[in-house]
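Worksheet for the structure shown next.
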Amino acid sequence: MVKNALNIRFGRALSALALGFATLGAVPAAADVPLVDGTHWVRSSEDVKKAYLVGVANVVQIEAAYNADNAEAMKTGFSPRLVKGMQGQTLSTVIEAMDKWYAANPGRLDRPIIETMWFEIVIPGLQAAK
């Protein structure tokens, strides 16, 4: 009962936030949002890199809350797999791994950060967890 009430309040809060942004014209079209890639990563400060990773973590938490009552999504969805594959990682270790990968692959700076994180950190983490 309490969990359901929290989900309803959470959903309403997200809806209100989205409506607020929409009425202000602050919700950009998908085409207006750049895909953040290695070019952005290598030019970013440590704080900006941390902020990006915290943003990803926040999206994972939102998805987990949204899917809390959906057992199948909690097993096979993006967020649970990302969490499992990132076990033992910290902001510092992820930043270090991403920095090393982009430094070793300067011709691949067009590769999106989330893709690099997925294939270079999450997938190996999932394989190690088997």
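Each residue in LYS49, LYS84 was given a count of other beta-carbon atoms within 10 angstrom of its own, and listing them fewest first yields LYS84, LYS49. Around the amide H of ASP37, modelled in the peptide plane, lie the amide H atoms of ILE113, all under 5 Å away and 5 or more residues distant in sequence or on another chain.
Spin-label model, ARG43/ILE123: points 7 Å from Cα along the beta carbon direction are separated by 2.8 nm. From least to most packed, judged by other beta carbons within 10 angstrom and beginning with the fewest, ARG111, ARG81, ARG43 follow the order ARG43, ARG81, ARG111.
On full extension, the segment bounded by THR76 and GLU96 gains 4.4 nm, given 0.36 nm per residue less the C-alpha separation.
FYI, it's all coordinate maths here, none of it is from the lab. Note that the structure is a prediction, hence the values are computed from the model and not measured. Every residue, glycine as well, gets a Cβ built from its backbone with ideal geometry; the counts of neighbours run over all protein chains shown.
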